[in-house]
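Notes follow once the structure below has been shown.
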Amino acid sequence: MKLQRTQPNRVLSLRDNLAAISAQRWLRLMGGLVCFGFGIAMMVQAGLGLGPWESLNQGISFHVGLPIGTISILLGVPILGLWLPLGERIGVGTLLNVVCIGTVTNLSLLFLPRFSVLLLQLAQMALGIVIIGIGSGLYLSTRLGAGPRDGLMMGLSRRTGWSVRATRTAIELTVLAAAWLLGGTIGIGTLAFALGIGPVVQLVFGVLGMRPKRSHEPAVKLQTAPVAAEANYDV
């Protein structure tokens, strides 16, 4: 009797891939995203300047009346749309990045204090940068998908042939100019973020004993390959 070929089961493939993620990686992913959102809220409350994308989110929020975290979530959707022609892969960490960071930022702003003493503002700003760096290092170390903005940078770098450094600089200068036009907070915190975030992320990578891989594709992709009939899956 001729056997009928089993049809691909994408739902099963996605389920099995998600189930294969260890509890430690889930903890690092979620802990990193929470730290990232909390650190952004600390920098907002410090009032001394934000990173380019956060400043853009804040500028838009001033005009539309929505919280900065909500703008971050909403803006992440069209940025992800730009991934499609660039051929970037969306991972589970990518989607959680969009939703969790903005949500945590909004919730944190409800209880974080805003200081009027410069020394306390500087301390709050510096602590915010450190926490964002820790969060970035934690979630990136899981290799479960880059955030929307990092993926955009990598995709444009591949398509244009520019270096990652040149592409990132061009994107962030463009975003910073838009943020300034919209009234986002730009100041010493913006410069401190640009200079400080890299070393903190590198330190976290060192503590975790990992070196960044050259491949930008997530280890677990949302667009998973179909399960073939011969694949070894226990159903």
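Nothing in this text is a laboratory measurement; each read-out follows from the coordinates by a stated rule. Nothing here was measured: the structure is a model prediction, and the numbers come from that model. All Cβ positions, glycine included, derive from the backbone under ideal geometry; neighbour counts span all protein chains shown.
Data overview
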read-out: Distance (nanometres) between label positions extended 7 Å along Cα→Cβ at Leu74 and Arg158; value: 3.1
read-out: Phi to ³J(HN,Hα) by Karplus 6.51 cos²θ - 1.76 cosθ + 1.60 over segment 80-91, Hz, x for Gly, Pro; value: 4, x, 5, 5, 4, x, 8, x, 7, 9, 8, x
read-out: HN-Hα J in Hz across segment 182-191 - Karplus 6.51, -1.76, 1.60, θ = phi - 60°, x for Gly and Pro; value: 8, x, x, 6, 10, x, 4, x, 5, 5
read-out: Chain lengthening between Ala178 and Val117 when straightened (0.36 nm per residue, less Cα-Cα); value: 19.0 nm
read-out: Sorted by Cβ density within 10 Å, fewest first, the residues Ser157, Ser72; value: Ser157, Ser72
read-out: Residue-by-residue Karplus 3J(HN,Hα) for segment 40-48, coefficients 6.51, -1.76, 1.60, Hz, glycine and proline x; value: 4, 4, 5, 5, 4, 5, 5, x, 10
read-out: Under 5 Å, built H, 5+ apart or other chain: amide partners of Gly91; value: Ala146, Leu222
read-out: Anisotropy class of segment 10-208 from Cα gyration tensor, a/c 1.5 cut; value: prolate
